[in-house]
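**Student:** A single structure is presented below for examination.
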Number of protein chains: 2
Amino acid sequence: MIFYGGINIQPRNDMNVILVDVNEVIESKLVLSEHRAKHIVKVLKSDIGDTVKLGIINGNLGEGTIISINRKYPFCVEIDTVFDLLPPIKPQIDLLLALPRPIMLKRIFSQAASLGVGTFHITNANRVEKSFWEAGLLQPNEYMQHLVQGLEQAVDTVVPNVVFHRRFKPFVEDYIPQISEKYSHLVFAHPDSQQRLHNIFMTQPGKILLAIGPEGGWVDFEVEKFQEYGFCGFTIGGRILKVDTAVINIHGRIMAELERLG
Amino acid sequence: MIFYGGINIQPRNDMNVILVDVNEVIESKLVLSEHRAKHIVKVLKSDIGDTVKLGIINGNLGEGTIISINRKYPFCVEIDTVFDLLPPIKPQIDLLLALPRPIMLKRIFSQAASLGVGTFHITNANRVEKSFWEAGLLQPNEYMQHLVQGLEQAVDTVVPNVVFHRRFKPFVEDYIPQISEKYSHLVFAHPDSQQRLHNIFMTQPGKILLAIGPEGGWVDFEVEKFQEYGFCGFTIGGRILKVDTAVINIHGRIMAELERLG
């Protein structure tokens, strides 16, 4: 069950679609308040009769016609809705991350959701600081808003799955074998590798699981485990990148390979 | 003249090389104070006799042996240096950006510098907010620290050039023709284009000028001007991205094309 209506964030000018929970729509009518109503009033500056782009979280895209509007605090907008468009197809990329610093994970959640990710697998690793596991951000009602923000940026509705794995070894040894069949490629970024992505993706791939390590990289034990369980290492060159930069950059590199082969 | 010694920023654990100004090195001796000394004391936890990775801004990489250290405020570290390594070769990508919001431009400066950019051309555009041109960040002593931060992340020394162009039309009509000869490809991201990057880069390219628009995109007039002056539009699909996400992602896509053809 996704809870969205109560999240109190400031209106943003990067909201290219307004997402709502399916339970908020009653007989095609929708009443928005708080930040989403404020967005319509202050950023879109919409009036009665205007249309706004809408989407149902994990459902269709569509639009709404404004039938009443309260421009003052507490903002309130009443909308007549139609949801008749399928959301865009997700890129077939799942991400496997060593748990990053919470402030970085927030950015990764929204930026990677805007690029399109099916599932985030977030694991422990030797170079993950233990305190990161105590972060409030690991609660669904905390991280959901960052995912939704990325979807609202990209005009998508389908929320990525997020799965946390607090122990690296059982994750790779027991869990990965259960899911690896659905991927055509398991790859992990590793500066010591000689392999380039364009040599790994030679024919049109299926789903891809892309693993990116913590600051400081995977340790030898982790690299060996990945190799043992079917992951192929690759390098993007000698420059050391922050985790968020690496995620966004490598997502682009893999998409370039997929589009070329597609 | 690059001024770096006086920049007061907190020690960061993403400083994979410590950069210094050439004038700070006197007869191979270097005395560090403030944030760089603090980094050696608090993050690297180095001792006398230990070596640290160093680089001269716009010069060679090398290393230093610590010969004295003051672990308390005001931190101070004396180092014997050797600079005998060439910095990495830059990717042959220059960026042309519509001036972004200052907080976003900071992130772009450090992230794009970590990925490797030769020159940033930053122009006005119809959808650039006028107030952005008043930002303190446009001063070299302000933006330099963000570029240097990206270089220290990536272990590079060569600072990207930054050129601001406050009027779009003369920039494209008069300035671009003066520099366009040195590029094999001028490309601009444009969602209405049908062209994909892998169709634009068919043979090993030379230098590339990559243009990325403001939030909301280029207006028709700007698109027409780019086309008139030799730019080729391309799309990365229907998802709307933030400018910083687009810069980092498309840099990766172009690098994927270059590496495949290289």
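Read-outs throughout are calculated quantities, based only on the coordinates presented, and are distinct from any laboratory measurement. For clarity, every value in this text was computed on a predicted model and none was experimentally measured. FYI the Cβ positions are ideal-geometry reconstructions off the backbone, even for glycines, and counts take in every protein chain you see.
**Student:** For B:K169, which lysines qualify as cross-link partners when the Cα separation must be under 27 Å and same-chain residues fewer than eight apart are set aside?
**Tutor:** B:K106, B:K130, B:K182, B:K207, B:K225, B:K242
**Student:** Among the aspartates and glutamates, which fall within straight-line cross-link reach of B:K90, defined as a Cα-Cα distance under 15 Å, with same-chain neighbours fewer than 8 residues apart omitted?
**Tutor:** Counting by Cα, and skipping residues close in sequence, B:K90 has these aspartates and glutamates nearby: B:E152, B:D156, B:E259.
**Student:** Right, something else. Ratio of segment B:180-262's C-alpha Rg to 2.2 N^0.38 Å, to two decimals?
**Tutor:** Normalised Rg, Cα atoms only: 1.04.
**Student:** How high is the relative contact order of chain A, in percent, counting Cα pairs under 8 Å that sit 6 or more residues apart?
**Tutor:** That works out to 18 percent.
**Student:** Also: Jot down the per residue volume, in cubic angstrom and as a whole number, of the convex hull over the alpha-carbon atoms of chain A.
**Tutor:** Values: hull volume 35.6 nm³, N = 262.
Hull volume over Cα atoms, normalised by residue count, gives 136 Å³.
**Student:** Right, something else. Remind me, relative contact order of segment B:18-85 in percent, using alpha carbon pairs under 8 angstrom and six or more residues apart?
**Tutor:** 37 percent
**Student:** Let me know the number of lysine pairs in segment B:18-85 closer than 14 Å at the Cα, not counting same-chain pairs under 8 apart.
**Tutor:** Taking the Cα cut-off of 14 Å, the pair count is 4.
**Student:** What is the order of A:R71, A:R167, A:R253, fewest Cβ neighbours within 10 Å to most?
**Tutor:** A:R167, A:R71, A:R253
**Student:** Report the longest stretch of chain B that contains none of the chymotrypsin sites (Phe, Trp or Tyr not before Pro) sitting in a DSSP loop with at most 16 other Cβ atoms within 10 Å.
**Tutor:** It works out to B:4-228.
**Student:** Averaged over peptide B:25-36, how many Cβ atoms belonging to another chain are found within 10 Å of each residue's Cβ?
**Tutor:** Partner-chain Cβ atoms within 10 Å, mean over residues of B:25-36: 0.
**Student:** For A:N70, place a label point 7 Å out from Cα along the Cα→Cβ vector, do the same in each other copy, and report the separations in nm, one decimal, smallest first.
**Tutor:** Spacings between copies for this position, smallest first, are 6.3 nm.
**Student:** How far is A:V219 from the same spot in each other copy, in nm, shortest first, if each label point sits 7 Å from Cα toward Cβ?
**Tutor:** Output for A:V219: 5.7 nm, nearest copy listed first.
**Student:** For A:S33, place a label point 7 Å from Cα along the Cα-to-Cβ direction in every copy; what are the distances to the other copies, in nm, shortest first?
**Tutor:** For A:S33, the inter-copy label distances come out at 5.8 nm.
**Student:** When the scattering of the protein assembly as shown is computed by the Debye formula from its Cα atoms alone, each counted once and equally, what is log10 I(q)/I(0) at q = 0.07, 0.08, 0.11, 0.12 Å⁻¹?
**Tutor:** Cα-only, vacuum Debye calculation for the protein assembly as shown: -0.43, -0.56, -1.07, -1.25.
**Student:** Still on this structure, please answer the following. Within 10 Å of each Cβ in A:232-244, how many Cβ atoms from other chains are there, averaged over the peptide?
**Tutor:** 5
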